[in-house]
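Scroll down for the structure; my scribbles are underneath it.
The values are calculated or read from the model by the stated rules, or taken from the named source; none is laboratory data. Treat the numbers as computed from the prediction; the structure is a model and nothing was measured. Here Cβ is always computed from backbone atoms with ideal geometry, including for glycine, and neighbour counts include all displayed protein chains. The accessibility values were calculated without ligands, DNA or RNA, using every heavy atom of the protein model including side chains. Shrake-Rupley method; radii C 1.70, N 1.55, O 1.52, S 1.80 Å.
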Amino acid sequence: MDPSRLTIDGVPNEILLTILSLLPTASLLPLAAVSRRFYSAVARLAHTRMLRVTAQPDYRLILECYHPSAKISTPYLYCDFVRTDSLGLDARSPAPVGGGEDHVDRGLPEPTLGRLYGMYSHFRPVVQEENRRPRLRYPRRGHATPAQLDTSASRSSSSAGEQSQSRDGLKPEPDQEPERPSQDIYLDEDQLFSQLCTVTNLVKLGPKPGFFLSHVNISDGVIRVFRDWLATQAAAARARRVTSGGSDSCIDSPGQERATQEVLWADRRCHVGLKFRVAEKDDVAGHVWRAPVLVDKANEPPVAYRLEFEELRVRTSRLLLMVERSEAQELNTSGKAIVIASI
């Protein structure tokens, strides 16, 4: 065979995939316009990377969602990975990167860049242990009083008793439902909407808590929470509690929800979205907030709602690009760390 007549079409699939796999995703995607063969190879490589990007334990998502007037006092939330949308394939299993016959034999749809762009990764915001106990800005100094000593002694004895029961093999009481982070929304008379600033960051954990080896911003936007949307979601939540016998669990099936109504997007491109469980403050246990009695019929009364964080959705392709940017940032800043602390 004349070497001068050899083209890229004569390169085996295995060699082509090996060459393309050396490129970062930002440099890989433009090559999809070269030919159909390149398009198929780029789509399979991108699909594989998107399914594996959330399986890295060193990376965590940090969510900051706060009212503009409560930026300093609102703590950030870590987000636990739940699942990733897939093209008929389990998100935890690697995608095939060979020829197209492998997809056909396994009955899987052929990955396309359009389908990959529509994939989302789902996360659950959680309250950190350090944010459960309020911190004293100015700790008290001096000797402890006898009452404080008695209180500490009773606490230590109760904890010792619990430890002895666990050693004796007694079953502890079933754990309660984990606390969901929440955000309170107050709308004054005739106020149409409220705003929530939403910042989503990707960090790589360092050797100690509060130390991050890299930090990349995924989204920084503002969510408008309208009065009519709050009323509709609160009514739907009450209806679910009645029909399910008091349970108001999150519906995880994409086919059972209308994302355009239940998910509030933090940016125009819908890279990051939040799903809330909405309840009126009258329905929240432990709160006795009531609207004023005398309200003009022509005006909308003041209302208050509690928004519980159910889910954070991040476009998987966006997440993949940010992870690769974080890796490049870590290489460029080797030996340095980012410290986040309250001063």
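Phi-derived couplings, Karplus 6.51 cos²θ - 1.76 cosθ + 1.60 at θ = phi - 60°, listed residue by residue for the stretch 64-73: 10, 9, 8, 6, x, 7, 10, 5, 6, 7 Hz, with x used for Gly and Pro. Approximating the spin labels as points 7 Å out from Cα along Cα→Cβ, the ALA33-to-ALA55 distance works out to 3.3 nm. Neighbours of LEU28 by Cβ distance under 13 Å: Lys/Arg scored +1, Asp/Glu scored -1, total +1. Per residue, the stretch 26-84 exposes an accessible area of 50 Å² to a 1.4 Å probe, with every protein chain left in place. Considering only ASN13, ILE72, VAL82, the residue lying farthest towards the positive end of the dipole of the stretch 1-83 is VAL82, judged by Cα position with unit charges set on Cβ.
Report the calculated FRET efficiency for GLN329 and ILE72 (r = Cβ-Cβ distance, R0 = 30 Å), to the nearest 0.05.
On the way: r = 27 Å, r/R0 = 0.89.
Calculated transfer efficiency: 0.65.
Stretched out straight at 0.36 nm per residue, the stretch from ASP80 to ASP188 would grow longer than its current Cα-Cα span by 35.4 nm.
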